[in-house]
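One structure is given below, encoded as structure tokens.
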Amino acid sequence: MKIVEVRVEESLLPKQDKDWKFALAASGMSEGWVVSIRAQDGTTGYGYASSMAHYGAPHETVKGALDRLIKRLEGRDSRDIANIMADLDRAMVGNNQAKAGIDCALHDLMARRLNIPICDLFGGPAVREFATLRILPIKSPSDMAKNARMLHNKGVRHFKIKIHGEIDEDVARVAAVRKELGADAHLTVDANQSYAPKDAIIALNRMAQYKIDLAEQPVKASDLVGLKAVTAAVPITIEADEAAYSLDQVMILVRDRIVDAISLKIAKLGGLRKTYAAAMICEAGGVRYRMGAHSGPQLLAAHGLQLAAALPGIWYASELTEFDGLAEDRWEGLKLVDGVLHHTDAIGCGVTPKAARTKG
Ligand SMILES: [Mg+2]
């Protein structure tokens, strides 16, 4: 079925927390682009292209890449996803965030035309319920503990404490959150590259007494030797995030056993197909994997959920509910109950634009 129209629309959604901050940036706004692809029969598929400046994909760059890439889509067979995505890779190196928006929209279109959830294209729903992990942005230890309590009251049991490379302050953040939540909560930390390797080893060994399940990207993304040294020196599972910025980089991390785990994100890996491939590489190499932060509207989380449902090997709570921290969303359909996200058998990616309901 021929592609007759491709559109790119800006998506700027305010967060509830205007002072949202992590080690690399502060942002009260969730930025990205919605890609919609319409086939000749009128069916439309939707994908979300995340703007991620800390991965070299600022907002305007993602739009520029999309404008160029979508020109190659019109008139093509919408089912020809593998060839289309290979063609986009030949036409432009990198720009995975833009390509992910297109890949997701093509899969959504195919699934809607077949009247099935996207998950079925990847083997069907092996998992239907997901305990989710929520981010605690950088604040004072007491404010982070307060935020953790509010999320706990909503049913969240897994938390990611953002830290920023100051050993004493960061250990105090972890101690405050553990004290507030007690022994049962599952805690992780994410330094977003802010530590030198030796400082990371000191900090994580001190944090280990508070039972940390996972530490994300302690050192610079480019410092694989330092990352491997941290992995070897601490009792906490070390996860690559920014260092796992493409499928070939995932291959290197697994091949050289740089980390214990890898954070998979549709946006940084360039879409559903490549994220699925990354998961299989991890499985083959005995490295843990899960879906990392899919920060954006329900549309992005929905695609993440469709793929996660087809991956029974995911070892830990995924991050598919950051949309719950937005002040507004233009998408609806996800079922989040008491901190648990449910895979339903809704068609396509499982969400629809709210405007469609109002009109219809
Ligand atoms: Mg991270």
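The values are calculated or read from the model by the stated rules, or taken from the named source; none is laboratory data. The structure presented is a predicted model; accordingly, all values stated were derived computationally and were not measured. Using ideal geometry, Cβ is built from the backbone for each residue, glycine included, and neighbour counts are taken over all protein chains shown.
Residues in the stretch 214-238 that are surrounded by fewer than 17 Cβ atoms within 10 Å (Cβ to Cβ) and not in a loop (DSSP other than H, G, I, E, B): 225, 232, 233. Answer yes if at least one residue in the stretch 108-117 is more than 24 Å from residue 305 (Cβ to Cβ), over 22 Å from the mean Cα position of the chain (by Cα) and part of a helix (DSSP H, G or I), and no otherwise. There is no residue in the stretch 108-117 that is more than 24 Å from residue 305 (Cβ to Cβ), over 22 Å from the mean Cα position of the chain (by Cα) and part of a helix (DSSP H, G or I).
Matching residues to (1) within 16 Å of the ligand (Cβ to nearest atom); (2) basic (Lys, Arg); (3) outside the structural domain of residue 184 (by TED's automatic domain parsing); (4) in a helix (DSSP H, G or I):
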{"site": "208", "(1), (2), (3), (4)": "no, no, no, yes"}
{"site": "258", "(1), (2), (3), (4)": "yes, no, no, no"}
{"site": "278", "(1), (2), (3), (4)": "yes, no, no, yes"}
{"site": "316", "(1), (2), (3), (4)": "yes, no, no, no"}
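Of the set (1) surrounded by fewer than 23 Cβ atoms within 10 Å (Cβ to Cβ); (2) within 27 Å of residue 242 (Cα to Cα); (3) away from the ligand (no atom under 16 Å from the Cβ), all apply to residue 135 but (3).
The residues listed here are 51, 11; of these, the one that is free of Cβ contacts under 8 Å to residues at least 60 places away in the same chain, surrounded by 19 or more Cβ atoms within 10 Å (Cβ to Cβ), among the polar types (S, T, N, Q) and in contact with a helix residue (DSSP H, G or I) (Cβ under 9 Å, 6 or more places away or on another chain) is 51.
Hey, any hits in the stretch 73-83 for a residue that's under 21 Å from the mean Cα position of the chain (by Cα), crowded, with 20+ Cβ neighbours inside 10 Å, at negative phi and modelled with pLDDT of 95 or more? So far as the stretch 73-83 goes, no, none of its residues is under 21 Å from the mean Cα position of the chain (by Cα), crowded, with 20+ Cβ neighbours inside 10 Å, at negative phi and modelled with pLDDT of 95 or more. If I filter the stretch 56-71 for residues that are more than 13 Å from residue 6 (Cα to Cα) and hydroxyl-bearing (Ser, Thr, Tyr), do I get at least one hit? Looking for residues that are more than 13 Å from residue 6 (Cα to Cα) and hydroxyl-bearing (Ser, Thr, Tyr), one finds at least one in the stretch 56-71, hence yes.
Taking the stretch 218-243 as the search range and keeping residues that are in contact (Cβ under 8 Å) with a residue 40 or more places away in the chain and more than 27 Å from residue 182 (Cβ to Cβ), which one is farthest from the ligand (Cβ to nearest atom)? Among those residues, the one meeting the criterion is 242. Scanning the stretch 286-316 for residues that are within 18 Å of residue 273 (Cβ to Cβ), surrounded by fewer than 24 Cβ atoms within 10 Å (Cβ to Cβ) and not aliphatic (A, V, I, L, M) gives a single hit, 313.
Out of the stretch 318-335, which residues are part of a loop (DSSP other than H, G, I, E, B) and among the charged types (D, E, K, R)? Spell out how you get there, then give the answer.
Just the residues of the stretch 318-335 that are part of a loop (DSSP other than H, G, I, E, B), to begin with: 319-321, 327-330, 333-334.
Hits for the stretch 318-335 are 319, 328, 329, 330.
For the stretch 140-155, a residue qualifies if it is surrounded by 15 or more Cβ atoms within 10 Å (Cβ to Cβ) and either touching a helix residue (DSSP H, G or I) at 6+ places or on another chain (Cβ under 7 Å) or over 21 Å from residue 19 (Cα atoms) (or both), and the qualifying residues are 141, 144, 145, 148, 152.
Which one of these is closer than 26 Å to residue 26 by Cβ and among the aliphatic types (A, V, I, L, M): 261, 293, 277? Spell out how you get there, then give the answer.
Working: 261 fails: closer than 26 Å to residue 26 by Cβ; 277 fails: closer than 26 Å to residue 26 by Cβ.
The match here is 293.
For the stretch 152-171, residues that are touching a residue at least 60 places away in the same chain (Cβ under 8 Å) and more than 18 Å from the chain's Cα centre (by Cα) total 6.
If we keep just the residues of the stretch 187-202 that are small (Gly, Ala, Ser) and within 16 Å of the ligand (Cβ to nearest atom), which is nearest to residue 235 (Cα to Cα)?
200
Applying the condition of being over 17 Å from residue 23 (Cβ atoms) and outside any loop (DSSP other than H, G, I, E, B) to the stretch 165-186 and asking which residue is nearest to the ligand (Cβ to nearest atom) yields 186.
The set of residues in the stretch 244-256 being touching a residue at least 24 places away in the same chain (Cβ under 8 Å) and within 15 Å of the ligand (Cβ to nearest atom) consists of 244, 245, 250, 253.
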